[in-house]
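The values are calculated or read from the model by the stated rules, or taken from the named source; none is laboratory data. Quick caveat: nothing in here was measured; it's all calculated off a predicted structure. Don't worry about glycine lacking a Cβ; one is built from the backbone with ideal geometry, like all the others, and counts go over all protein chains shown. What goes into the accessible areas is simple: the full protein's heavy atoms, side chains included, and nothing from ligands, DNA or RNA. Shrake-Rupley method; radii C 1.70, N 1.55, O 1.52, S 1.80 Å.
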Amino acid sequence: MESRVPFNPEIHAKLPQRIIRLEELAYNFWWSWHRSARDLFKQVDRTLWTTTRHNPVRILLGVPQERLEALTKDPAFLRRYDAVLMELDRDLANGHLWYPQAHGEMMHPIAYFSAEFGIHTSLPIYSGGLGILSGDHNKEASDLGLPFLGVGFLYEQGYFRQRLDHSGWQEATYPFLDPHEVALIPARNPDGEEVSVCIRLEERAIVLRIWEVKVGRVSIYLMDANVDENAPWERELTARLYGGDREMRIQQEILLGIGGVRVLRALGKEPKVWHINEGHSAFLTLERLREYIAAGCTLEEAKARVQASTIFTTHTPVPAGHDVFNFGLVEKYFHDFWPQLKMSRDDFMALGSYGSGFNMTALALRMAGRTNGVSELHGEVSRRMWHTLWPDRPVEEVPIGHVTNGIHVPSWIGEAMHRVYRRYLAPDWIERQDDPILWTRLDEVPDEALWEAHTYLKRKMFATIRERAREERMKRALPPEQLLAYGLLLDPDALVIGFARRFATYKRASLIFRDIERLKRLLHDRYRPVQIIFAGKAHPADEPGKRLLQEIYNRARSPEMGGRIAFVEDYDMHVARYLVQGVDVWLNTPRKPMEASGTSGMKAALNGVLNLSILDGWWAEAYNGRNGWVIKPEREYDDPTQQDEADAQALYRVLEEEVVPLFYQRDRDGVPRGWVEMMRESIRTVGPRFSTRRMVKEYTEFYYLPAMAEILELEGD
Ligand SMILES: *Cc1c(COP(=O)(O)O)cnc(C)c1O
């Protein structure tokens, strides 16, 4: 019989024995990237599926007992239930997967530290691309069978909900996350005891409770300071992403890096490889130095071991984006730490010193033996940017490589496209997704089938947008004028451009508004109209970002745009899914080279949506002249205003001369043949390459395995 402690006693008690494992399924986000499991929960209660925004834990808490009893007598449901659980069991037994097959002798844990994880909308502990990437990385590590675990924070007031007031000003609300209603499990050590750890911050002792999140075979451990033992201000430490001042920030990063290592120790985990995803967690290298020295290593030996076993990925191509603390602040929190490393203050500060402060990226670069940027171009930019750390080497020998980001294919594929690929590529195309040969079979997909799948996803997006507008109208009694901005007047047959991402100013959401008259000609063309859907949040402390958002919103509802521009509120993984699947063109206008990689365009391409982008980040690698478009200015300028102008002109030109004509060039049965050909080329070139499948395999072969071999050898000495 079952001996484990129920994840949720309330759910456990109400589930009939025949379907008792629904609890286990609800507590493993594996369900979120397996259509059959999603359908199962949908079938439990379709209304709750929608009102809980796809949260199985809340569905099981809310569903009436009678409904559960009835399901145990529904043969179709039971068949599906048995099939899903069989699939889960088969997947969780990992022997057949890539990593154990290829590297079975190297089954040593790899720990992945990140300040954000974007796993599912119901767990809002991400704020943008970095978090989505970590979530996708962990899902893929599960799919490939890597011995992997994650470490991060549970932000109980995580990614905020966005709403715009009547003037278009962003209002942020932070719905409090009740751990009881999300798939969070109190973490236990090998003896089955719940674990908490205590971390000193100056004079205070902060108690952290640990939650486990199951993502297929991978567990992510989240630290949470919201416990009775902590004073109110201490509980705030893990309440929000990137909130508070510099002092709060250093405290958070101490908890993440140093606390994170202690959490793993308390759980009995012995990682051999440590992956620092962006500089926030770089203090972990100091804690590991301390451990080695306490165990009797010299400082040199300890450093060699930490370097051998640490991987660092940098994500930020702008100097201001990196975390820097002044030395006084570092001194305040580390003055009794460096003696434990047998280091002087100056030698300790030198580990992170860069310019006039203690720089987390510099610390990570010095302490990690293997480091990388997140696209080929970003690798190059990073080598130039950090050249001063290796002054006696030529810039091309600065030891920063690159692994281009990717997306977790099963999480982002739209169902209609999935059906086409299943039929024409292979029934198991997801398992074989990084085989380029498979994708050549796209040639066999009839134009009509590809176009129809796209049209279906587009209609689905429109239905969602209209439904949201209707609900808002009822909830808030919005004036009709405002409904323009919600997209009620959008025409499902006309060309739709999507622009959805964080409203950071470098992403230049308003570039397309530089020449209003020229834009209006595009929007209001009688026979070939253009429409644009925007979505995105500005960081609550980013005033310029919020003003930008307000500008777009007011454009959207201005009569002059005639309802051809919409703003979808509350961008998150859920909204992202239907936008990247449902628009025709995905627009990306960063100020080059500030987009380190970008991943939303990859999600779009996988679903047959065409990219129109500045030649920056991942697109500089992916664009081949036939699989989408580039916004190519006449020349590059040093002055940002001149550059904006040149980029905007290039954008209008490509829209007028290429994008719009190709979309509206139809044959007798209404299929845009040239467009569909480009869709095919885009899917074929992006699908196998810009996936986390390719990405995690590269991390494994060029980073994790060499690090593992090196540390095993050092420790074997
Ligand atoms: C994919 C995704 C991102 C990343 O988009 P970029 O292309 O990097 O701007 C950000 N937020 C959400 C919700 C996403 O799904």
task = Note down the nm distance, to one decimal, between modelled labels 7 Å out along Cα→Cβ at His108 and at Ala295.
result = 1.0 nm
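Could you compute the FRET efficiency for Asn189 and Ala93, with r as their C-beta to C-beta distance and R0 at 30 Å, rounded to 0.05?
Working: r = 24 Å, r/R0 = 0.79.
So the FRET efficiency works out to roughly 0.80.
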ask   = Residue by residue through the range 209-219, which ³J(HN,Hα) values in whole Hz follow from phi under the Karplus form 6.51 cos²θ - 1.76 cosθ + 1.60 (θ = phi - 60°), with glycine and proline marked x?
value = 8, 10, 10, 9, 10, 8, 10, x, 7, 8, 10
key: Cα centroid separation - the range 455-481 against the range 115-148, whole Å   = 29 Å
note = Cα-based Rg/(2.2 N^0.38 Å) for the range 384-504, rounded to two decimals, is 1.65
query = If you count, for each residue, the other Cβ atoms within 10 Å and average over each peptide, how do 125-132, 15-22 line up from highest to lowest?
reply = 125-132, 15-22
query = Which cross-chain or sequence-distant (5 or more) residues have an amide H under 5 Å from the amide H of Ile206, H modelled 1.01 Å from N in plane?
reply = Ile199, Arg200, Leu201
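Treating the beta-carbon of each Lys and Arg as +1 and of each Asp and Glu as -1, no other charges, what is the dipole magnitude of the chain about its Cα centre, to the nearest 20 debye?
Numbers: 91 positive and 103 negative charges, 376 e Å.
Around 1800 debye, computed over the chain.
Can you pick out the pairs among Lys507/Lys697; Lys14/Lys460; Lys520/Lys546; Lys14/Lys214 whose Cα atoms lie more than 28 Å from each other? Don't skip to the end; give the middle numbers.
On the way: Lys507/Lys697 30 Å; Lys14/Lys460 35 Å; Lys520/Lys546 24 Å; Lys14/Lys214 22 Å.
Going by Cα-Cα distance, Lys507/Lys697; Lys14/Lys460 fall outside the 28 Å limit.
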inquiry  = Please list 3J(HN,Hα) in residue order for the range 643-657, calculated via the Karplus relation 6.51 cos²θ - 1.76 cosθ + 1.60 where θ = phi - 60°; whole Hz, with x for glycine and proline.
reply    = 5, 4, 4, 5, 5, 5, 4, 5, 5, 4, 4, 5, 5, 5, 8
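Explain nothing, just the number: relative contact order of the range 9-93, from Cα pairs under 8 Å at least 6 residues apart, as a whole percent.
On the way: 60 pairs, mean separation 28.1, N = 85.
So the answer I get is 33 percent.
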task = May I ask you to derive the relative contact order of the chain, considering only C-alpha pairs under 8 Å and at least 6 residues apart, and to give it as an integer percent?
result = 12 percent
remark   = The set of residues whose placed amide H lies less than 5 Å from the amide H of Tyr112, leaving out same-chain residues fewer than 5 positions away, is Leu149, Gly150, Val151, His275
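Please give the per residue accessible area of the chain, computed with a probe of 1.4 Å over protein heavy atoms only, in Å². The partial results should precede the final answer.
Numbers: 27380 Å² over 717 residues.
Dividing the accessible area of the chain by its residue count gives 38 Å².
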ask   = Using a probe of 1.4 angstrom, how much of the accessible area of the chain is carbon and sulfur, in percent?
value = 50 percent
task = Divide by every residue of the chain the summed helix terms, -39500 (n - 2.57) for each DSSP H run of at least 4, and state the resulting mean residue ellipticity at 222 nm, rounded to the nearest 500 deg cm²/dmol.
result = -12500 deg cm²/dmol
ask   = Just the accessible area for Lys42, please: 1.4 Å probe, Å², rounded to the nearest 10?
value = 40 Å²
Phi-based couplings in Hz for the range 384-399 (Karplus 6.51, -1.76, 1.60; Gly and Pro marked x) = 5, 5, 9, 3, 5, 6, 10, x, 8, 10, x, 4, 6, 9, 4, x
request  = Please list, or write none, the aspartates and glutamates whose alpha carbon is within less than 20 Å of the alpha carbon of Lys342, excluding same-chain residues fewer than 8 places away.
outcome  = Glu202, Glu287, Glu291, Glu300, Glu301, Glu331
task = Compute, for Glu236, the solvent-accessible surface of its heavy atoms (probe 1.4 Å) with the complete set of protein chains present, and express it in square angstrom to the nearest 10.
result = 90 Å²
Between the range 401-452 and the range 340-378, the Cα center-to-center distance that results, in Å = 41 Å
note = Rounded to the nearest 10 Å², the 1.4 Å probe accessible area of Lys303 is 60 Å²
query = How many angstrom separate the Cα center of the range 235-259 from the Cα center of the range 618-658?
reply = 39 Å
Interchain or long-range residues, amide H under 5 Å from Phe312's placed H = Ile276, Arg370, Thr371, Asn372
